[in-house]
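Take a look at the structure set out below.
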Protein chains: 2
Amino acid sequence: MSKAKPIDILIASLEQIEPLDQQDRDLLAGLDLRFRRFSANNEIVRSRTSPGESCFIVAGFAARAQYLADGGRQLDQIHVIGDFVDLHSLHLRQMDHSVIAIGPCDVAFIRHDELVSTMAHSPRLTWLLWQLTVLDGAVARTWMTCLGRRRAEAALAHLICELLTRLRRLGAAPSNRFHIPATQTDLADMLGVSTVHVNRSLAELRARRLLTWSRHEVHVLDFERLALIADFDNSYLEPGNPMPKYFQQFVTS
Amino acid sequence: MSKAKPIDILIASLEQIEPLDQQDRDLLAGLDLRFRRFSANNEIVRSRTSPGESCFIVAGFAARAQYLADGGRQLDQIHVIGDFVDLHSLHLRQMDHSVIAIGPCDVAFIRHDELVSTMAHSPRLTWLLWQLTVLDGAVARTWMTCLGRRRAEAALAHLICELLTRLRRLGAAPSNRFHIPATQTDLADMLGVSTVHVNRSLAELRARRLLTWSRHEVHVLDFERLALIADFDNSYLEPGNPMPKYFQQFVTS
DNA sequence: CGCTGGGTTGATGGCGATCAATCAATGTGG
DNA sequence: CCACATTGATTGATCGCCATCAACCCAGCG
């Protein structure tokens, strides 16, 4: 685990879903990666463009953002290390959203043609990458329910539960503490409320002694109760179905 | 087009993205379909189950729904004829949402094993089905922005613009009129507001002479202005990238 | 006919927006 | 080392969107 190469981060992320065989790992390890560091609020992928590469997060946090005519923005989803944030561009003729850095963020890019030929050699990787986009949809739907039907405090609690659950799985949240460089402005754009209201919702969670959040350091004091007021159910974060056998047996046409 | 068999509806839907060759059409035509009619508010696919089949809409409307602990629900997306609404269950170990009928709805089910072996014979169908799930995500993100950052009236206008755009493409909205059996309660659960407020937002749109909506018959009078207040941009509804050549050349391992 | 589900309208109140001020932390140039 | 600027967090005051409760209408239907 120490001195993990960037590609190992992606491999580990995929193996959370399903174990890879050595051949798949070799295929991935053979990929030609381009690296770049972004600082807060910079665009990793720009809306309305047609990138020739997809990217995953090597370090830090990123988010998907849609911009409005009035200059406002909605953050749809927050992504953590290992997330293949821009698999979508493989299929989208034009990006419907931007991917932006939340705090400093290291990103690895893979050219689409390389990605495709890798998949052509591995039904399992094809299946897994497809699945990533489907699981992504489940996260999106869950967040929609927060936006549409929960009050800001509950939605914020839900977001924190989700982040903690995901980071804990990566071993990045020892004793329910984690670092996240998001500002209250970022949270406001995520929750669809004003920064002032985020501040008050957060103050309320603190007052209830459910968590502390200071200087970008979050400490969840009572996950159980936090999950309760958030109406949080982690099953949407679970891995999906393993690849069916039949999928393996591709026939060259 | 007349007397279309149910599978032709799916084929037409896929060919909106990319033309199929005869072999792919034959593969689809050979699928064993199970049909069932649902009436309003009945569950086509139930949340938290693990279906062994996926389904597409043959006639009518359906929606994805997530339920809350307090008994409320959020409708995440409305689906129309030809939509492969439940491709997700192929990948999800457990459904994170229900699919319910909005008004009477005819649905065709395909067993997962059949679907998978069909894909195993056609990289193009694999690519297209994957793409459907990705495009689905783009629609979801766009709706999130409506939920988070638009007032009810604008969000409602946006929803109507989306429906009209999709139905027009299917030839199901002659002269900007279409039928939809959704009640104001359904719209409220979609928009994340109360039925009373839906009623008032709708009244406002009528007062501005942008549309009429009565007895489940919608007539959009001024699409341009409706799109303007909705901040509607249809590009997220466009087809995605065609299958890259390399994807074709699967290697049997 | 009365019942029922949906649509419409009014009154009242709360959540959250907006404007504004203050404060804490950090950075910058002199 | 200190004035000054900048960024983000916090708090108060006021306002508006939308929830909630309640009544009423209307069409379809047994």
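The values are calculated or read from the model by the stated rules, or taken from the named source; none is laboratory data. Quick caveat: nothing in here was measured; it's all calculated off a predicted structure. Neighbour counts are summed over all protein chains in view; Cβ atoms, including those assigned to glycine, are modelled from backbone coordinates with ideal geometry. Just the protein is used for accessible areas: all its heavy atoms, side chains included, with ligands, DNA and RNA removed. Shrake-Rupley method; radii C 1.70, N 1.55, O 1.52, S 1.80 Å.
One decimal place: the segment A:R209-A:D113 gains 29.5 nm when fully extended, by the rule 0.36 nm per residue minus the C-alpha distance. Using the rule -39500 (n - 2.57) for each DSSP H run of four or more residues, divided by the residues of the protein assembly as shown, the 222 nm mean residue ellipticity is -13000 deg cm²/dmol. Other residues within the sphere of radius under 14 Å centred on the Cβ of B:I11, judged by their own Cβ, net out at -4 (K and R +1, D and E -1).
Please work out the average accessible area per residue across the range A:104-253, using the 1.4 Å probe convention, and give it in Å².
Roughly 40 Å² per residue, with all protein chains present.
Peptides A:199-208, B:183-192, A:180-189, ordered by how many other C-beta atoms sit within 10 Å of their residues on average, highest first, read B:183-192, A:180-189, A:199-208.
Basic side chains Lys and Arg get +1 at the Cβ, acidic Asp and Glu get -1 at the Cβ, and with that the dipole of the protein assembly as shown about its Cα centre reaches some 1040 debye.
Each chain gives up part of its surface: A and B jointly bury about 5800 Å² of accessible area, both sides summed, for a 1.4 Å probe. In this rough spin-label picture, where each label sits 7 Å from Cα along the Cβ direction, the B:T185-B:R93 distance is 3.5 nm.
Remark: the range B:115-253 carries a charge dipole of roughly 160 debye about the Cα centre, counting +1 on each Lys and Arg Cβ and -1 on each Asp and Glu Cβ. By how many degrees, 0 to 90 and rounded to 10, does the Cα axis of helix B:6-15 deviate from the longest principal axis of chain B? Tilt of helix B:6-15: around 90 degrees. Entry note, the range B:6-146: relative contact order of 32 percent, from Cα contacts under 8 Å with a spacing of 6+ residues. Residue by residue, the range B:142-153 carries 3J(HN,Hα) couplings of 4, 5, 4, 5, 5, 5, x, 10, 10, 6, 4, 4 Hz when phi is fed to the Karplus relation 6.51 cos²θ - 1.76 cosθ + 1.60 (θ = phi - 60°); x denotes Gly or Pro. Among rounded, prolate and oblate, which fits the protein assembly as shown when a ≥ b ≥ c are the square roots of the eigenvalues of its C-alpha gyration tensor, a/c under 1.5 means rounded, and a/b larger than b/c means prolate? Cα axes put the protein assembly as shown in the oblate bin.
Inter-label distance, A:R151 to A:E224: 2.4 nm, where each label sits 7 Å from its Cα along the C-beta direction. The distance linking the range B:37-87 with the range B:9-36 is 21 Å (Cα centroid to Cα centroid, whole angstrom). Here the Karplus relation 6.51 cos²θ - 1.76 cosθ + 1.60, evaluated at θ = phi - 60°, turns the backbone of the range A:101-117 into coupling constants of 7, 9, x, x, 8, 9, 10, 10, 9, 10, 5, 4, 5, 5, 4, 5, 6 Hz, with x for every Gly and Pro. Local charge sum around A:I81 (other residues, Cβ-Cβ under 14 Å, Lys/Arg +1, Asp/Glu -1)? Neighbour charge sum, excluding A:I81 itself: +2. Helix A:195-207 sits at what angle to the longest principal axis of chain A, using alpha carbons and giving 0 to 90 degrees rounded to 10? For A:195-207 against chain A, the angle is about 80 degrees. Only one residue of A:V80, A:G30, A:A12 has its Cα farthest out toward the positive end of the dipole of the range A:6-121, where Lys and Arg carry +1 and Asp and Glu -1 on Cβ, and that residue is A:V80. Expressed as a whole percent, the accessible surface of the range B:106-253 that belongs to carbon and sulfur atoms is 50, based on a 1.4 Å probe. Other residues within the sphere of radius under 15 Å centred on the Cβ of B:V99, judged by their own Cβ, net out at -3 (K and R +1, D and E -1).
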